[in-house]
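Input: a single structure, listed below in C-alpha coordinates.
The values are calculated or read from the model by the stated rules, or taken from the named source; none is laboratory data. Note that the structure is a prediction, hence the values are computed from the model and not measured. Virtual Cβ from ideal backbone geometry, glycine too; neighbours counted across all protein chains shown.
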Amino acid sequence: MSLIFKNQNKFEIISNYCPQGDQGNAIEQLTQGLRNNYKFQTLLGVTGSGKTYTVANVIKNIQLPTLVLAPNKTLAAQLCSEFREFFPNNAVEYFVSYYDYYQPEAYIPSKDMYIEKDTSINEEIEKLRLSTTNSLFMRNDVIVVASVSCIYNLGSPVEYEKQRIFIKRGEEYPRERLIKNLVSVKYERNDYDFTQGNFRVKGDTFEIYPAYQEKALRVQLFGDDVERILEFNPVSGEIYSELDVAVISPATHFLATAEWVQRALTTIEEELNDRLKYFKKEGKLLEAQRLQSRTRYDMEMIAELGFCGGIENYSRHILDKQPGETPNTLIDFFPDDFMAVIDESHIAMPQIRGMYEGDKSRKQTLVDYGFRLPSALDNRPLRFEEFLQKVKRVIFTSATPGQLERQISLQVVEQIIRPTGLIDPEVVIKPTKGQIEDLM
(Lines give C-alpha, C1' and ligand atoms only; values in the text may rest on other atoms or scores of the structure.)
Protein backbone atom coordinates (compact mmCIF):
# COMPACT_ATOMS: atom_id res chain seq x y z
CA MET A 1 0.00 0.00 0.00
CA SER A 2 1.36 3.40 -0.95
CA LEU A 3 2.20 5.85 1.80
CA ILE A 4 1.96 8.86 -0.54
CA PHE A 5 -0.15 11.61 1.03
CA LYS A 6 -0.62 9.61 4.24
CA ASN A 7 -0.55 11.72 7.35
CA GLN A 8 1.69 10.71 10.22
CA ASN A 9 -0.56 11.62 13.15
CA LYS A 10 -0.05 9.81 16.44
CA PHE A 11 -2.74 8.13 18.50
CA GLU A 12 -3.49 10.38 21.46
CA ILE A 13 -5.97 9.64 24.25
CA ILE A 14 -7.98 12.62 25.49
CA SER A 15 -9.51 11.60 28.82
CA ASN A 16 -9.86 12.70 32.42
CA TYR A 17 -9.29 9.12 33.54
CA CYS A 18 -6.06 7.35 34.36
CA PRO A 19 -5.56 3.58 34.71
CA GLN A 20 -6.97 2.17 37.95
CA GLY A 21 -7.31 -1.26 39.51
CA ASP A 22 -5.77 -3.94 37.29
CA GLN A 23 -5.74 -1.71 34.21
CA GLY A 24 -2.18 -0.42 34.57
CA ASN A 25 -0.70 -3.90 34.86
CA ALA A 26 -2.83 -5.22 31.98
CA ILE A 27 -1.78 -2.31 29.71
CA GLU A 28 1.90 -2.91 30.48
CA GLN A 29 1.72 -6.69 29.93
CA LEU A 30 -0.22 -6.49 26.66
CA THR A 31 2.04 -3.73 25.30
CA GLN A 32 5.15 -5.73 26.15
CA GLY A 33 3.62 -8.82 24.56
CA LEU A 34 3.09 -6.91 21.30
CA ARG A 35 6.65 -5.60 21.39
CA ASN A 36 7.81 -9.20 21.88
CA ASN A 37 5.87 -10.11 18.71
CA TYR A 38 3.31 -12.30 20.48
CA LYS A 39 0.77 -13.12 17.79
CA PHE A 40 -2.10 -14.01 20.15
CA GLN A 41 -2.85 -12.61 23.62
CA THR A 42 -5.99 -12.69 25.74
CA LEU A 43 -7.31 -9.98 28.04
CA LEU A 44 -9.51 -11.77 30.55
CA GLY A 45 -11.46 -8.95 32.16
CA VAL A 46 -14.59 -9.14 34.24
CA THR A 47 -17.60 -7.10 33.19
CA GLY A 48 -17.14 -3.45 34.17
CA SER A 49 -13.36 -3.65 34.54
CA GLY A 50 -12.72 -1.15 31.72
CA LYS A 51 -11.36 -3.42 28.98
CA THR A 52 -12.06 -0.81 26.29
CA TYR A 53 -9.96 1.80 28.11
CA THR A 54 -7.19 -0.77 28.54
CA VAL A 55 -7.21 -1.55 24.81
CA ALA A 56 -7.22 2.19 24.01
CA ASN A 57 -4.04 2.63 26.04
CA VAL A 58 -2.41 -0.32 24.30
CA ILE A 59 -3.25 1.27 20.92
CA LYS A 60 -1.70 4.54 22.11
CA ASN A 61 1.45 2.70 23.24
CA ILE A 62 1.90 0.55 20.14
CA GLN A 63 0.87 3.26 17.58
CA LEU A 64 -0.50 0.84 14.98
CA PRO A 65 -3.69 0.96 12.87
CA THR A 66 -6.20 -1.27 14.65
CA LEU A 67 -9.13 -3.44 13.65
CA VAL A 68 -11.63 -4.00 16.48
CA LEU A 69 -13.98 -6.85 15.60
CA ALA A 70 -17.28 -7.08 17.51
CA PRO A 71 -19.86 -9.89 17.26
CA ASN A 72 -22.80 -7.64 16.25
CA LYS A 73 -23.67 -4.17 14.91
CA THR A 74 -24.99 -2.87 18.23
CA LEU A 75 -21.85 -3.69 20.18
CA ALA A 76 -19.73 -2.36 17.31
CA ALA A 77 -21.61 0.97 17.45
CA GLN A 78 -21.12 1.17 21.22
CA LEU A 79 -17.39 0.46 20.94
CA CYS A 80 -17.05 2.96 18.10
CA SER A 81 -18.66 5.66 20.25
CA GLU A 82 -16.32 4.89 23.17
CA PHE A 83 -13.18 4.92 21.02
CA ARG A 84 -14.24 8.23 19.45
CA GLU A 85 -14.44 9.71 22.95
CA PHE A 86 -10.94 8.47 23.75
CA PHE A 87 -9.44 9.45 20.36
CA PRO A 88 -11.24 12.63 19.19
CA ASN A 89 -8.28 13.71 17.02
CA ASN A 90 -7.81 10.36 15.28
CA ALA A 91 -9.89 8.46 12.71
CA VAL A 92 -12.30 6.02 14.36
CA GLU A 93 -14.39 4.32 11.67
CA TYR A 94 -17.48 2.08 11.72
CA PHE A 95 -17.61 -0.83 9.25
CA VAL A 96 -20.61 -3.18 9.29
CA SER A 97 -22.93 -4.75 6.73
CA TYR A 98 -24.87 -2.07 4.83
CA TYR A 99 -28.00 -4.20 4.55
CA ASP A 100 -31.06 -3.20 6.56
CA TYR A 101 -32.72 -6.29 5.12
CA TYR A 102 -31.02 -9.23 3.41
CA GLN A 103 -32.65 -12.30 1.90
CA PRO A 104 -29.89 -14.28 0.18
CA GLU A 105 -30.40 -16.15 -3.06
CA ALA A 106 -31.26 -19.79 -2.33
CA TYR A 107 -32.84 -22.94 -3.75
CA ILE A 108 -34.75 -25.58 -1.75
CA PRO A 109 -34.68 -28.83 -3.79
CA SER A 110 -37.28 -30.65 -1.66
CA LYS A 111 -39.90 -28.01 -2.55
CA ASP A 112 -38.44 -27.04 -5.94
CA MET A 113 -38.48 -23.47 -4.60
CA TYR A 114 -36.10 -20.77 -5.82
CA ILE A 115 -35.75 -17.73 -3.55
CA GLU A 116 -34.48 -14.62 -5.31
CA LYS A 117 -32.04 -12.31 -3.56
CA ASP A 118 -33.82 -9.38 -1.93
CA THR A 119 -32.02 -6.58 -0.13
CA SER A 120 -32.46 -3.12 1.32
CA ILE A 121 -29.24 -1.09 1.47
CA ASN A 122 -28.64 1.58 4.09
CA GLU A 123 -26.90 4.41 2.23
CA GLU A 124 -25.60 6.02 5.42
CA ILE A 125 -23.77 2.83 6.40
CA GLU A 126 -22.40 2.52 2.86
CA LYS A 127 -20.90 6.01 3.27
CA LEU A 128 -19.29 4.92 6.55
CA ARG A 129 -17.80 1.87 4.80
CA LEU A 130 -16.35 4.09 2.07
CA SER A 131 -15.04 6.46 4.74
CA THR A 132 -13.27 3.50 6.37
CA THR A 133 -11.32 2.48 3.29
CA ASN A 134 -10.53 6.10 2.43
CA SER A 135 -9.09 6.66 5.92
CA LEU A 136 -6.96 3.51 5.66
CA PHE A 137 -5.34 4.92 2.51
CA MET A 138 -5.01 8.49 3.80
CA ARG A 139 -3.97 8.07 7.44
CA ASN A 140 -1.89 5.96 9.81
CA ASP A 141 -3.94 6.80 12.92
CA VAL A 142 -7.00 4.67 12.12
CA ILE A 143 -9.16 2.48 14.37
CA VAL A 144 -11.83 0.49 12.52
CA VAL A 145 -14.62 -1.00 14.62
CA ALA A 146 -16.20 -3.71 12.51
CA SER A 147 -18.63 -6.61 12.61
CA VAL A 148 -17.94 -9.99 11.02
CA SER A 149 -18.76 -8.22 7.72
CA CYS A 150 -15.03 -7.41 7.55
CA ILE A 151 -14.19 -10.98 6.45
CA TYR A 152 -16.43 -10.80 3.36
CA ASN A 153 -15.35 -10.00 -0.21
CA LEU A 154 -14.73 -6.26 -0.71
CA GLY A 155 -12.91 -5.88 -4.01
CA SER A 156 -9.21 -5.35 -4.67
CA PRO A 157 -7.33 -2.72 -2.60
CA VAL A 158 -4.67 -2.55 -5.33
CA GLU A 159 -7.23 -1.63 -7.98
CA TYR A 160 -9.01 0.69 -5.52
CA GLU A 161 -5.79 2.64 -5.03
CA LYS A 162 -5.10 2.77 -8.78
CA GLN A 163 -8.51 4.35 -9.35
CA ARG A 164 -8.04 7.17 -6.83
CA ILE A 165 -7.92 10.63 -8.42
CA PHE A 166 -4.99 12.90 -7.46
CA ILE A 167 -5.39 16.61 -8.17
CA LYS A 168 -2.45 18.94 -7.48
CA ARG A 169 -2.45 22.71 -7.67
CA GLY A 170 -0.40 23.99 -10.61
CA GLU A 171 -0.45 20.71 -12.51
CA GLU A 172 -2.16 20.09 -15.84
CA TYR A 173 -5.56 18.37 -15.61
CA PRO A 174 -7.81 18.97 -18.66
CA ARG A 175 -11.51 19.47 -17.98
CA GLU A 176 -12.72 16.53 -20.08
CA ARG A 177 -10.23 14.15 -18.50
CA LEU A 178 -11.37 15.08 -15.00
CA ILE A 179 -15.01 14.50 -15.96
CA LYS A 180 -14.13 11.12 -17.49
CA ASN A 181 -12.09 10.06 -14.44
CA LEU A 182 -14.84 11.03 -11.99
CA VAL A 183 -17.45 9.07 -13.94
CA SER A 184 -15.13 6.04 -14.13
CA VAL A 185 -14.99 5.83 -10.31
CA LYS A 186 -18.79 5.98 -10.09
CA TYR A 187 -19.38 9.68 -9.38
CA GLU A 188 -22.50 11.00 -11.11
CA ARG A 189 -22.69 14.38 -12.77
CA ASN A 190 -25.68 16.32 -11.49
CA ASP A 191 -25.65 20.09 -11.90
CA TYR A 192 -28.78 20.60 -9.78
CA ASP A 193 -28.89 18.07 -6.92
CA PHE A 194 -25.53 18.30 -5.14
CA THR A 195 -25.40 15.22 -2.88
CA GLN A 196 -22.69 12.79 -1.78
CA GLY A 197 -21.27 10.83 -4.70
CA ASN A 198 -22.16 13.60 -7.19
CA PHE A 199 -20.25 16.39 -8.93
CA ARG A 200 -21.23 19.44 -10.95
CA VAL A 201 -19.40 21.57 -13.48
CA LYS A 202 -19.85 25.29 -14.20
CA GLY A 203 -17.40 26.47 -16.84
CA ASP A 204 -13.92 25.68 -15.53
CA THR A 205 -15.08 25.13 -11.94
CA PHE A 206 -15.76 21.64 -10.57
CA GLU A 207 -17.61 21.01 -7.32
CA ILE A 208 -17.17 17.45 -6.09
CA TYR A 209 -18.96 15.92 -3.11
CA PRO A 210 -16.95 12.83 -2.03
CA ALA A 211 -19.11 9.83 -1.16
CA TYR A 212 -17.38 9.34 2.20
CA GLN A 213 -17.13 12.78 3.88
CA GLU A 214 -19.18 15.83 4.83
CA LYS A 215 -16.88 18.39 3.19
CA ALA A 216 -17.01 19.08 -0.56
CA LEU A 217 -14.20 20.11 -2.93
CA ARG A 218 -14.08 22.97 -5.43
CA VAL A 219 -11.48 22.65 -8.17
CA GLN A 220 -10.89 25.76 -10.29
CA LEU A 221 -9.10 25.37 -13.61
CA PHE A 222 -7.32 28.02 -15.65
CA GLY A 223 -7.21 26.55 -19.13
CA ASP A 224 -5.95 23.01 -18.55
CA ASP A 225 -4.12 23.83 -15.30
CA VAL A 226 -5.40 23.46 -11.74
CA GLU A 227 -5.48 26.99 -10.30
CA ARG A 228 -7.13 26.47 -6.86
CA ILE A 229 -8.45 23.62 -4.73
CA LEU A 230 -10.88 24.61 -1.97
CA GLU A 231 -12.59 22.60 0.74
CA PHE A 232 -16.07 23.98 1.52
CA ASN A 233 -19.41 23.36 3.22
CA PRO A 234 -21.78 21.94 0.57
CA VAL A 235 -24.84 23.48 2.28
CA SER A 236 -23.72 26.98 3.29
CA GLY A 237 -20.86 27.37 0.82
CA GLU A 238 -18.47 28.41 3.63
CA ILE A 239 -14.83 27.92 2.65
CA TYR A 240 -12.91 25.78 5.16
CA SER A 241 -9.43 25.76 3.66
CA GLU A 242 -7.34 25.93 0.50
CA LEU A 243 -5.45 22.76 -0.43
CA ASP A 244 -2.32 22.02 -2.42
CA VAL A 245 -3.41 18.45 -3.13
CA ALA A 246 -6.79 16.70 -3.21
CA VAL A 247 -7.27 12.94 -3.33
CA ILE A 248 -10.68 11.62 -4.38
CA SER A 249 -11.37 7.98 -3.60
CA PRO A 250 -13.91 5.91 -5.59
CA ALA A 251 -17.61 6.10 -4.74
CA THR A 252 -17.82 2.29 -4.61
CA HIS A 253 -15.62 -0.64 -3.60
CA PHE A 254 -16.56 -2.65 -6.67
CA LEU A 255 -15.03 -1.09 -9.77
CA ALA A 256 -15.02 -2.58 -13.26
CA THR A 257 -13.04 -1.06 -16.13
CA ALA A 258 -13.75 -1.88 -19.77
CA GLU A 259 -10.64 -4.07 -19.80
CA TRP A 260 -11.82 -6.10 -16.79
CA VAL A 261 -15.30 -6.49 -18.27
CA GLN A 262 -13.97 -7.85 -21.56
CA ARG A 263 -11.63 -10.25 -19.77
CA ALA A 264 -14.43 -11.40 -17.46
CA LEU A 265 -16.83 -12.05 -20.35
CA THR A 266 -14.23 -14.28 -22.01
CA THR A 267 -13.56 -16.40 -18.92
CA ILE A 268 -17.27 -16.57 -17.96
CA GLU A 269 -17.98 -17.91 -21.47
CA GLU A 270 -15.30 -20.59 -21.03
CA GLU A 271 -16.62 -21.67 -17.64
CA LEU A 272 -20.21 -21.70 -18.90
CA ASN A 273 -19.33 -23.97 -21.83
CA ASP A 274 -17.48 -26.40 -19.53
CA ARG A 275 -20.41 -26.50 -17.11
CA LEU A 276 -22.98 -27.03 -19.88
CA LYS A 277 -20.96 -29.99 -21.18
CA TYR A 278 -20.97 -31.47 -17.66
CA PHE A 279 -24.76 -31.11 -17.22
CA LYS A 280 -25.50 -32.58 -20.66
CA LYS A 281 -23.16 -35.49 -20.01
CA GLU A 282 -25.00 -36.18 -16.74
CA GLY A 283 -28.38 -35.93 -18.48
CA LYS A 284 -29.34 -32.81 -16.49
CA LEU A 285 -30.92 -30.91 -19.35
CA LEU A 286 -33.14 -28.71 -17.15
CA GLU A 287 -30.12 -27.53 -15.16
CA ALA A 288 -28.20 -26.88 -18.40
CA GLN A 289 -31.01 -24.82 -19.90
CA ARG A 290 -31.49 -22.89 -16.65
CA LEU A 291 -27.79 -22.08 -16.32
CA GLN A 292 -27.43 -21.04 -19.95
CA SER A 293 -30.38 -18.65 -19.95
CA ARG A 294 -29.45 -17.02 -16.61
CA THR A 295 -25.75 -16.66 -17.40
CA ARG A 296 -26.28 -15.37 -20.94
CA TYR A 297 -28.64 -12.71 -19.61
CA ASP A 298 -26.07 -11.64 -16.99
CA MET A 299 -23.34 -11.50 -19.65
CA GLU A 300 -25.47 -9.24 -21.84
CA MET A 301 -26.08 -6.90 -18.91
CA ILE A 302 -22.37 -6.80 -18.04
CA ALA A 303 -21.43 -6.11 -21.67
CA GLU A 304 -23.95 -3.27 -22.03
CA LEU A 305 -23.97 -1.67 -18.57
CA GLY A 306 -20.82 -2.94 -16.84
CA PHE A 307 -22.84 -4.64 -14.10
CA CYS A 308 -25.78 -6.99 -13.50
CA GLY A 309 -27.87 -8.22 -10.60
CA GLY A 310 -25.67 -10.48 -8.46
CA ILE A 311 -22.47 -9.33 -10.20
CA GLU A 312 -20.57 -10.27 -7.04
CA ASN A 313 -20.99 -13.92 -8.11
CA TYR A 314 -18.65 -13.19 -11.02
CA SER A 315 -16.01 -11.45 -8.87
CA ARG A 316 -13.46 -14.20 -9.53
CA HIS A 317 -13.61 -13.43 -13.25
CA ILE A 318 -13.71 -9.64 -12.88
CA LEU A 319 -10.73 -9.55 -10.49
CA ASP A 320 -8.88 -12.27 -12.46
CA LYS A 321 -8.44 -14.58 -9.48
CA GLN A 322 -7.76 -18.32 -9.47
CA PRO A 323 -10.34 -20.91 -8.29
CA GLY A 324 -10.25 -21.14 -4.50
CA GLU A 325 -7.98 -18.09 -4.13
CA THR A 326 -8.39 -16.11 -0.92
CA PRO A 327 -10.83 -13.20 -1.43
CA ASN A 328 -9.93 -9.57 -0.78
CA THR A 329 -11.55 -8.23 2.40
CA LEU A 330 -11.33 -5.13 4.58
CA ILE A 331 -8.25 -6.68 6.23
CA ASP A 332 -6.34 -6.30 2.93
CA PHE A 333 -6.92 -2.53 3.04
CA PHE A 334 -4.84 -2.31 6.24
CA PRO A 335 -1.05 -1.85 6.01
CA ASP A 336 1.11 -4.94 6.55
CA ASP A 337 1.66 -4.15 10.23
CA PHE A 338 -1.58 -3.64 12.15
CA MET A 339 -3.25 -4.90 15.32
CA ALA A 340 -6.55 -6.75 15.66
CA VAL A 341 -8.73 -6.80 18.78
CA ILE A 342 -11.45 -9.47 18.92
CA ASP A 343 -14.04 -8.22 21.40
CA GLU A 344 -16.24 -10.77 23.20
CA SER A 345 -14.06 -13.38 21.55
CA HIS A 346 -16.03 -16.30 23.01
CA ILE A 347 -18.87 -15.22 20.67
CA ALA A 348 -16.94 -13.67 17.76
CA MET A 349 -14.49 -16.52 17.12
CA PRO A 350 -17.16 -19.23 16.60
CA GLN A 351 -18.97 -16.70 14.37
CA ILE A 352 -15.90 -16.27 12.17
CA ARG A 353 -15.38 -20.03 12.06
CA GLY A 354 -18.95 -20.71 10.92
CA MET A 355 -19.33 -18.07 8.20
CA TYR A 356 -17.54 -19.92 5.40
CA GLU A 357 -19.36 -23.24 5.75
CA GLY A 358 -22.77 -21.58 6.02
CA ASP A 359 -22.14 -19.55 2.88
CA LYS A 360 -20.77 -22.54 0.96
CA SER A 361 -23.69 -24.81 1.87
CA ARG A 362 -26.24 -22.37 0.41
CA LYS A 363 -24.27 -21.62 -2.75
CA GLN A 364 -23.35 -25.24 -3.46
CA THR A 365 -27.05 -26.04 -3.90
CA LEU A 366 -27.40 -23.14 -6.36
CA VAL A 367 -24.42 -24.46 -8.33
CA ASP A 368 -25.62 -28.09 -8.32
CA TYR A 369 -29.04 -27.15 -9.73
CA GLY A 370 -27.86 -24.77 -12.43
CA PHE A 371 -28.66 -21.42 -10.86
CA ARG A 372 -25.02 -20.33 -10.62
CA LEU A 373 -21.63 -21.15 -12.10
CA PRO A 374 -19.12 -22.89 -9.77
CA SER A 375 -17.10 -19.64 -9.65
CA ALA A 376 -19.90 -18.17 -7.49
CA LEU A 377 -18.43 -20.22 -4.63
CA ASP A 378 -15.39 -17.91 -4.71
CA ASN A 379 -17.52 -14.92 -3.69
CA ARG A 380 -17.20 -15.90 -0.06
CA PRO A 381 -16.03 -14.91 3.40
CA LEU A 382 -12.61 -15.90 4.65
CA ARG A 383 -12.09 -19.41 5.96
CA PHE A 384 -11.19 -19.48 9.64
CA GLU A 385 -7.61 -20.54 8.84
CA GLU A 386 -7.27 -17.71 6.29
CA PHE A 387 -8.44 -15.18 8.86
CA LEU A 388 -5.90 -16.36 11.44
CA GLN A 389 -3.17 -16.17 8.81
CA LYS A 390 -4.02 -12.60 7.77
CA VAL A 391 -3.95 -11.14 11.29
CA LYS A 392 -0.45 -10.87 12.75
CA ARG A 393 -1.08 -9.30 16.19
CA VAL A 394 -4.28 -10.20 18.00
CA ILE A 395 -5.71 -9.40 21.43
CA PHE A 396 -8.80 -11.38 22.44
CA THR A 397 -10.97 -9.64 25.05
CA SER A 398 -13.62 -11.48 27.03
CA ALA A 399 -14.89 -12.13 30.53
CA THR A 400 -15.14 -15.82 29.57
CA PRO A 401 -12.52 -16.64 26.90
CA GLY A 402 -13.18 -19.76 24.86
CA GLN A 403 -10.95 -22.81 24.80
CA LEU A 404 -9.38 -21.78 21.48
CA GLU A 405 -8.27 -18.38 22.75
CA ARG A 406 -6.70 -19.94 25.83
CA GLN A 407 -4.88 -22.56 23.75
CA ILE A 408 -3.30 -20.26 21.17
CA SER A 409 -2.56 -17.23 23.39
CA LEU A 410 1.05 -16.79 24.47
CA GLN A 411 -0.19 -14.97 27.55
CA VAL A 412 -3.53 -14.50 29.30
CA VAL A 413 -3.66 -11.15 31.12
CA GLU A 414 -6.22 -10.92 33.91
CA GLN A 415 -8.12 -7.73 34.75
CA ILE A 416 -10.21 -8.63 37.77
CA ILE A 417 -10.14 -5.57 40.01
CA ARG A 418 -12.46 -2.88 38.65
CA PRO A 419 -11.42 0.81 38.59
CA THR A 420 -14.33 1.49 40.95
CA GLY A 421 -13.16 -1.17 43.37
CA LEU A 422 -16.63 -2.75 43.34
CA ILE A 423 -16.78 -6.53 43.56
CA ASP A 424 -19.32 -8.96 42.14
CA PRO A 425 -22.41 -9.38 44.32
CA GLU A 426 -22.55 -12.45 46.54
CA VAL A 427 -24.46 -15.32 44.92
CA VAL A 428 -26.87 -17.12 47.27
CA ILE A 429 -28.43 -20.40 46.10
CA LYS A 430 -31.57 -21.62 47.88
CA PRO A 431 -33.87 -24.61 47.29
CA THR A 432 -37.15 -24.16 45.39
CA LYS A 433 -39.09 -25.47 48.38
CA GLY A 434 -40.66 -22.54 50.24
CA GLN A 435 -39.49 -20.02 47.65
CA ILE A 436 -42.68 -17.91 47.76
CA GLU A 437 -42.51 -17.52 51.53
CA ASP A 438 -38.83 -16.66 51.27
CA LEU A 439 -39.56 -14.05 48.59
CA MET A 440 -42.32 -12.43 50.64
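The rows are residues; the columns are (1) closer than 15 Å to ALA348 by Cβ; (2) part of a helix (DSSP H, G or I); (3) assigned by TED's automatic domain parsing to the domain that holds TYR369; (4) modelled with pLDDT of 90 or more.
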position	(1), (2), (3), (4)
ALA56	no, yes, yes, yes
THR74	yes, yes, yes, yes
ALA77	no, yes, yes, yes
GLU93	no, no, yes, yes
THR119	no, no, yes, no
>> Please go through (1) buried (at least 18 other Cβ atoms within 10 Å of the Cβ); (2) out of contact with any helix residue (DSSP H, G or I) (no Cβ under 9 Å at 6 or more places or on another chain) for SER184 and return the number of the only condition it doesn't satisfy.
In response: (1)
>> Just to be sure before I move on: is LEU75 in contact with an Asp or Glu (Cβ under 8 Å, 6 or more places away or on another chain), closer than 30 Å to ILE416 by Cβ and surrounded by 15 or more Cβ atoms within 10 Å (Cβ to Cβ) in the structure I sent?
In response: yes
> What do you reckon, is LEU178 outside any loop (DSSP other than H, G, I, E, B), touching an Asp or Glu at 6+ places or on another chain (Cβ under 9 Å) and not assigned by TED's automatic domain parsing to the domain that holds ASP378?
Replying inline: no
>> I'd like to verify a number: residues in the stretch 12-29 that are more than 24 Å from VAL391 (Cβ to Cβ), of a type in the set (Gly, Ala, Ser) and assigned to a helix (DSSP H, G or I), how many?
In response: 1
> Which residues, taken from the stretch 30-54, are of a type in the set (A, V, I, L, M), surrounded by fewer than 21 Cβ atoms within 10 Å (Cβ to Cβ) and in a helix (DSSP H, G or I)?
Replying inline: LEU34
> Could we say that LEU286 is surrounded by 12 or more Cβ atoms within 10 Å (Cβ to Cβ) and in contact (Cβ under 8 Å) with a residue 24 or more places away in the chain here?
Replying inline: no
> Of (1) touching a residue at least 60 places away in the same chain (Cβ under 8 Å); (2) surrounded by fewer than 17 Cβ atoms within 10 Å (Cβ to Cβ); (3) of a type outside the set (S, T, N, Q); (4) part of a loop (DSSP other than H, G, I, E, B), GLY170 satisfies all except one. Which?
Replying inline: (1)
>> Where the second residue is in a loop (DSSP other than H, G, I, E, B) and among the aromatic types (Phe, Trp, Tyr) and the first is under 11 Å from THR267 (Cα atoms) and lies in the stretch 312-326, which pairs have Cβ atoms under 7 Å and are six or more apart or on separate chains?
In response: none
> Within the bounds of the stretch 184-193, is there any residue that is aliphatic (A, V, I, L, M), in contact (Cβ under 8 Å) with a residue 60 or more places away in the chain and closer than 30 Å to ASN313 by Cα?
Replying inline: yes
>> Among the residues of the stretch 331-383, what is the count of those that are over 16 Å from VAL148 (Cα atoms) and assigned to a helix (DSSP H, G or I)?
In response: 14
